[in-house]
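These notes are about the structure you will find just below.
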Amino acid sequence: MNIGITVYPSYGGSGIVGSELGRELALRGHNVHFISSSLPTRLTELGGRVHFHEVEMMSYPLFEHQPYTLALATKMGTVARAENLDLLHVHYAIPHSISAILARESIKNHLYLPVITTLHGTDITLVGADRSYLPITRYGIQQSDGVTAVSKFLKQATIETFDFDEIEVIPNFICPDEYRRDADSPLRTELAPKGEKILVHVSNFRAVKRPVDCVEILAKVLQKGARANLVMVGDGPEYSAIKHRAKLLKVSDNVNFVGKQAKIADYLGVADVSLLPSELESFGLAALEAQACEVPVVASRVGGVPEVINDGETGFLSDIGDTEKMSADVLKLLSDEKMRLAFGVKGRELAISRYSTEKIIPQYIKFYEKILASKP
Ligand code: GMT
């Protein structure tokens, strides 16, 4: 198949899922055409079957805001015709599904371009549900030729908010060879030079991830006498708030900000416990990636997270903001090596048996085939 994929190239889980899906499809013999404003971060190498088409935007003094949605639609239509795309798969509904529908309509006299939208989370639960975007998001979903969501939770949320239920659940996935434990890596000594335990948090530091809670948890863990460092992987708007809280709690020396990283697995592979105290999480890709690296996850019981973490078996779940319980769970795991290792082994087993690329990518391909078979 010739498949067009659009993602947000530099920010968030939807971009990661879309980029890795493209790479996996190419490995299975499909031609993949990424159409976005820049090369997606996880797509460091292009080659053979993977192509990139940059959305170009003309600036004009009249435009207070550049009309990216229209430039994207134009590029989608142009690429679809030039490359004879079989379908266009967009990740994150806003505005990608709207651009895709515009593109489909604008070229329909030449070819019919089926549009598949994958819902990832805040495009439904936060941004899409806001009154300023709700009607247009509903339109984008209804007009798509096929819709997938990354968890049962997100499908239910879409039914409730948008009264739309023709949704296939296809969860996030990991490649088991890329995500694995590597406790003897020199990175471990770098991050914990005095043999401290390593807590890790991976996100885009948005308020919805509650990254400041990680510092609260660390402070409580240190107070109880544990020796631990917190490694913060990523960057984003809450960066200063996290730093400030760490300073107030006098734990700055134990917090290491390593910025955005292309290979998250390097950091997860040496960590002891992963923290995901999010306010909202439709799936929790970070939790899946940690579990694949045999790292137990201490997380909030929100959205699709209970579909990914088995409470008391591969991690521990708590109410949002309950840093007291979260720190107690971290201490349990740090002080009981046998338990921590057992949770790790179970986590990897779960990640591979339910969410490996081998299991999930064929579900996307089957879905594409179903949509193509019912093409008008
Ligand atoms: O919140 C983010 O990190 C970004 C957001 C996105 O759509 O880019 O992530 C969502 O998609 C991920 C991949 O499907 C899910 O694993 C995350 O749970 C989800 N984030 C939220 O729902 C907050």
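The values are calculated or read from the model by the stated rules, or taken from the named source; none is laboratory data. These numbers come from a predicted model, not from an experiment. All Cβ positions, glycine included, derive from the backbone under ideal geometry; neighbour counts span all protein chains shown. To get the accessible areas, we keep the full protein, side chains included, count just its heavy atoms, and leave off ligands, DNA and RNA. Shrake-Rupley method; radii C 1.70, N 1.55, O 1.52, S 1.80 Å.
Going by the structure shown, is D86 open to solvent by 30 Å² or more (accessible area, probe 1.4 Å), more than 16 Å from the ligand (Cβ to nearest atom), closer than 20 Å to P362 by Cβ and not assigned by TED's automatic domain parsing to the domain that holds V255? Full working, then the answer.
Details: open to solvent by 30 Å² or more (accessible area, probe 1.4 Å): yes; more than 16 Å from the ligand (Cβ to nearest atom): yes; closer than 20 Å to P362 by Cβ: yes; not assigned by TED's automatic domain parsing to the domain that holds V255: yes.
Judged against the criteria, D86 is a match.
I'd like the full set of residues that are out of contact with any strand residue (DSSP E or B) (no Cβ under 6 Å at 6 or more places or on another chain) and either away from the ligand (no atom under 11 Å from the Cβ) or open to solvent by 10 Å² or more (accessible area, probe 1.4 Å) (or both), limited to region 20-39. Before the answer, list the steps.
Kept after step one, since they are out of contact with any strand residue (DSSP E or B) (no Cβ under 6 Å at 6 or more places or on another chain), are these residues of region 20-39: 20-21, 23-24, 27-29, 37-38.
Listed by number, the residues that qualify are E20, R23, E24, L27, R28, G29, S37, S38.
Does A219 satisfy the criteria of being open to solvent by less than 70 Å² (accessible area, probe 1.4 Å), assigned to a loop (DSSP other than H, G, I, E, B) and touching a residue at least 12 places away in the same chain (Cβ under 8 Å)? Show your work before the answer.
On the way: open to solvent by less than 70 Å² (accessible area, probe 1.4 Å): yes; assigned to a loop (DSSP other than H, G, I, E, B): no; touching a residue at least 12 places away in the same chain (Cβ under 8 Å): yes.
So A219 fails the test.
What do you reckon, is G4 out of contact with any Pro (no Cβ under 6 Å at 6 or more places or on another chain), small (G, A, S) and modelled with pLDDT under 95? Write out each step before concluding.
On the way: out of contact with any Pro (no Cβ under 6 Å at 6 or more places or on another chain): yes; small (G, A, S): yes; modelled with pLDDT under 95: no.
Considered against the rule, which asks whether it is out of contact with any Pro (no Cβ under 6 Å at 6 or more places or on another chain), small (G, A, S) and modelled with pLDDT under 95, G4 comes out as no.
Within region 319-373, work out how many residues are free of Cβ contacts under 8 Å to residues at least 40 places away in the same chain and outside any helix (DSSP H, G or I).
The qualifying residues number 3.
Taking the residues in region 40-78 that are in contact (Cβ under 8 Å) with a residue 12 or more places away in the chain and out of contact with any helix residue (DSSP H, G or I) (no Cβ under 9 Å at 6 or more places or on another chain) as candidates, determine which candidate is farthest from G12 (Cα to Cα).
F52
Looking only at region 172-209, which residues are within 16 Å of the ligand (Cβ to nearest atom), outside any loop (DSSP other than H, G, I, E, B) and out of contact with any strand residue (DSSP E or B) (no Cβ under 6 Å at 6 or more places or on another chain)?
Answer for region 172-209, where residues must be within 16 Å of the ligand (Cβ to nearest atom), outside any loop (DSSP other than H, G, I, E, B) and out of contact with any strand residue (DSSP E or B) (no Cβ under 6 Å at 6 or more places or on another chain): I174, A207, V208.
In region 291-327, what residues are surrounded by fewer than 24 Cβ atoms within 10 Å (Cβ to Cβ) and acidic (D, E)?
Correct list: E307, D311, E313, D319, D322, E324.
Can you work out which of the residues in region 259-274 that are under 16 Å from N229 (Cβ atoms) and assigned to a helix (DSSP H, G or I) is least open to solvent (accessible area, probe 1.4 Å)?
L268
L288 is checked against (1) in a helix (DSSP H, G or I); (2) open to solvent by 40 Å² or more (accessible area, probe 1.4 Å); (3) within 19 Å of E349 (Cα to Cα) and fails just one. What number does that condition carry?
All conditions are met except number (2).
Scan (1) without any contact (Cβ under 8 Å) to a residue 40 or more places away in the chain; (2) in contact with a Lys or Arg (Cβ under 6 Å, 6 or more places away or on another chain) for the single condition E166 breaks and write down its number.
Here E166 clears every test but (2).
So that you can scan it fast, the table gives a plain yes or no per residue for (1) free of Cβ contacts under 8 Å to residues at least 12 places away in the same chain; (2) within 30 Å of S97 (Cβ to Cβ):
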residue: T148; (1), (2): no, yes
residue: S203; (1), (2): no, yes
residue: N229; (1), (2): no, no
residue: K247; (1), (2): yes, no
residue: N256; (1), (2): no, no
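Quickly run through region 233-258 and pick out the residues that are touching a Phe, Trp or Tyr at 6+ places or on another chain (Cβ under 8 Å), part of a loop (DSSP other than H, G, I, E, B) and either crowded, with 18+ Cβ neighbours inside 10 Å or small (G, A, S) (or both).
Quick first cut of region 233-258, residues touching a Phe, Trp or Tyr at 6+ places or on another chain (Cβ under 8 Å) only: 233-239, 242-243, 257-258.
In the following step, the residues that additionally are part of a loop (DSSP other than H, G, I, E, B) were identified as 235-238.
Those that are touching a Phe, Trp or Tyr at 6+ places or on another chain (Cβ under 8 Å), part of a loop (DSSP other than H, G, I, E, B) and either crowded, with 18+ Cβ neighbours inside 10 Å or small (G, A, S) (or both): G236, E238.
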